[in-house]
Amino acid sequence: CRSGGGGTVQHAICALLGVIPMPHQWTFDATKYIRAKNYVDKQSFCPMVLQSLREALRPLGLGKGRPLRVADVGAGLLSMLEVAAGLAEGYGAPLEYTALETEPTLMEENRRALLE
């Protein structure tokens with residue numbers, strides 16, 4: 001580990017643990033990561049969870065002048081916007097969606113995508 005090695009898993013683990021310096025050529029693309037994660041999440045979304053959420057929202061009286069208000073903390077690439085919009089539409093309610101994300105590259109991607 002201390003020798004620095006090549007591009008091995010051991011080298012990566014040592015760098016992540018701080019045993020050796022982190023290589024400058026390593027990069028992390030948050031947008032690519034979140035896109036891949038969103039794809040996996042969408043494929044594994046459990047319909048029973050969505051049904052439970054619909055049932056939990058029913059007593060709020062949405063669609064009778066009451067909007068569905070969502071604060072998406074750690075919004076990433078807004079993967080929950082589609083889910084929230086579907087829920088609001090199902091109740092005939094307007095949607096008030098606030099996205100909070102600390103990663104500037106993700107918010108820039110969101111702005112670009114929403115303006116297209």
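Before moving on, here are some points about what is shown:
- Filtered chymotrypsin sites (Phe, Trp or Tyr not before Pro), the range 22-116: DSSP coil and at most 12 other beta carbons within 10 Å: 26, 28, 45
- Note that the chain presents 74 Å² accessible area per residue, ligands and nucleic acids not counted, probe 1.4 Å.
- Cα shape, the range 31-116, gyration tensor, a/c 1.5 rule: oblate
- In this structure, the amide hydrogen of residue 97, modeled 1.01 Å from its nitrogen in the peptide plane, lies closer than 5 angstrom to those of 70, counting only residues at least 5 positions away or on a different chain.
- Under 5 Å, built H, 5+ apart or other chain: amide partners of residue 20: 15
- For the chain, carbon and sulfur atoms together expose 60% of the accessible surface, with a 1.4 angstrom probe and every protein chain in place.
- In order through the range 20-33: 3J(HN,Hα) via Karplus (6.51 cos²θ - 1.76 cosθ + 1.60), integer Hz, x for Gly, Pro: 10, x, 6, x, 5, 7, 6, 9, 10, 9, 4, 5, 4, 4
The values are calculated or read from the model by the stated rules, or taken from the named source; none is laboratory data. What you see is a predicted model, and the numbers here were worked out from it, not measured in a lab. Positions of Cβ are generated from backbone atoms using ideal geometry, with glycine treated the same way; all protein chains shown enter the neighbour counts. Note: accessible area is taken over every heavy atom of the protein model, side chains too, but ligands, DNA and RNA are not part of it. Shrake-Rupley method; radii C 1.70, N 1.55, O 1.52, S 1.80 Å.
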